[in-house]
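Here's the structure we're looking at; comments come further down.
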Amino acid sequence: MLMNSNEYLDFVQMIKQEIQCAQYKSALNVNKEMIMLYHSIGRMINERKSWGNKFIENLAADIRLSFPEAKGYSVRNLKYMAKFAATYENEEFVQRAVAQIPWGHTVVLLDKISDSVIRDWYVKKTIENGWTRNVLIHQIESGLYHRQAVADKINNFENRLPAPQSELAVQTMKDPYIFDFIPFKEDMMERDIEQALVKDITKLLLELGTGFAFLGNQYHLNVGGDDFYIDLLFYNLNLRCYVVIELKMGEFKPDYAGQLNFYLSAVDSILKSEQDNPTIGLLLCKSKNNLVAEYTLKDMSKPIGVSAYKVTSDLPESLSKQLPSIDDIQKRIAND
């Protein structure tokens with residue numbers, strides 16, 4: 001009788017969670033020990049640079065003779081260890097942060113980013129979001145740091161949301177959003193972009209960031225007997241609120257914000273529960289005049305952000321050359 005009781009099933013679930021937690025901690029500790037070992041080896045190699053160009057080649061060969069089953073001690077990897085130790089001289093930071101991500105991620109960061117502030121930001125975001133190596137590469141190549149960390153974000157969140165939701169909402173925003181997975185056509189309408197985003201919802205969620213759950217497109221709301229349809233409706237688990245996204249093909253216009261302000265009022269009245277934070281609106285336009293957007297949002301009653309969005313054909317040449325092709329992105333997402 002006990003085997004079928006809710007009490008027993010709850011107990012089994014609790015044991016499973018304990019096992020999973022222990023397995024995760026064990027894997028994390030193994031990775032941490034390996035990263036610290038690599039850092040130590042790299043530091044010792046750097047202290048003996050005067051031994052000549054063949055030093056690392058000889059070292060790799062001798063390690064292979066002594067530990068034939070061990071992997072990760074090739075000439076190439078030993079050189080990465082040396083670069084790793086030279087790049088991260090602060091062992092405390094390595095132990096606290098860098099050792100929390102896999103070695104393959106660290107190699108990507110060493111290869112692609114020379115600025116220490118930007119590199120450390122990606123380390124932090126990788127830990128927060130649990131990015132795979134391919135997702136990390138995609139985020140770097142799409143310029144996420146400059147679109148999210150240092151972007152000139154247009155919003156009224158600070159004046160319309162309580163702390164810390166306002167700070168989290170600002171951190172969530174990007175400018176521009178890059179929808180480089182959309183097959184662009186010259187005569188595209190707003191509905192075409194919306195349908196393309198929904199078709200590749202996994203890639204859309206990756207671009208929006210962590211915590212977003214998709215609830216629907218052309219989401220129906222009935223207000224006083226009249227029908228209204230929200231372009232895209234999400235719930236953000238980190239912000240604990242609904243997020244309404246409206247897409248516009250052209251440049252930002254003040255009346256767009258008025259329409260979005262109405263939708264936010266409707267969602268707060270119809271969908272929002274007492275446990276939810278105030279609903280946030282995000283207006284995505286092909287372009288925007290920042291000053292016009294700032295003046296528009298200044299007296300809006302609801303929390304609204306305004307960002308531009310880009311598809312492949314809209315990207316600056318310098319950025320488009322850095323980005324992988326659409327086919328490449330699709331293959332990477334599929335592999336992840």
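For this structure, a couple of remarks:
- Pairs of lysine residues in the stretch 1-102 - Cα separation under 23 Å, sequence separation of 8 or more or cross-chain: 12
- Environment charge of residue 121, counting only residues whose C-beta is closer than 14 Å and scoring Lys/Arg +1, Asp/Glu -1: +3
- Longest DSSP-loop-exposure-free segment, GluC sites (Glu not before Pro), the chain, at most 11 other Cβ within 10 Å: 90-185
- Charge tally in the Cβ shell below 12 Å around residue 170, where Lys, Arg are +1 and Asp, Glu are -1, residue 170 excluded: -1
- For the chain, the solvent-accessible area with a 1.4 angstrom probe is 55 square angstrom per residue.
- Between helix 190-199 and the chain: long-axis angle, C-alpha atoms, 0 to 90°, nearest 10: 40 degrees
- Inter-centroid distance (Cα atoms) of the stretch 240-295 relative to the stretch 189-224, Å: 14 Å
- Principal axes of the stretch 94-245: Cα extent on each, largest first, Å: 60, 41, 25
- Order of exposure, largest accessible area first, which applies to 154, 19, 41 with probe 1.4 Å: 19, 41, 154
- Selection among 12, 137, 241 by position relative to the dipole of the chain gives 137 as farthest towards the positive end (Cβ unit charges, Cα centre).
- Result for the chain in a Gaussian network model with C-alpha springs under 10 Å: among 275, 100, 139, the largest mean-square fluctuation is at 275.
- Accessible surface of the stretch 129-226, 1.4 Å probe, proportion on carbon and sulfur as whole %: 50 percent
- Helices in the chain, meaning DSSP H runs of at least 4 residues, each add -39500 (n - 2.57). Divided by all residues, the mean residue ellipticity at 222 nm is -16500 deg cm²/dmol.
The values are calculated or read from the model by the stated rules, or taken from the named source; none is laboratory data. This structure is a prediction, so every number in the text was calculated from the model and none was measured. Counting neighbours? That spans all protein chains shown, and the Cβs are built from the backbone with ideal geometry, glycine included. Remember, those area values only see protein heavy atoms, side chains included, never the ligands or the DNA or RNA. Shrake-Rupley method; radii C 1.70, N 1.55, O 1.52, S 1.80 Å.
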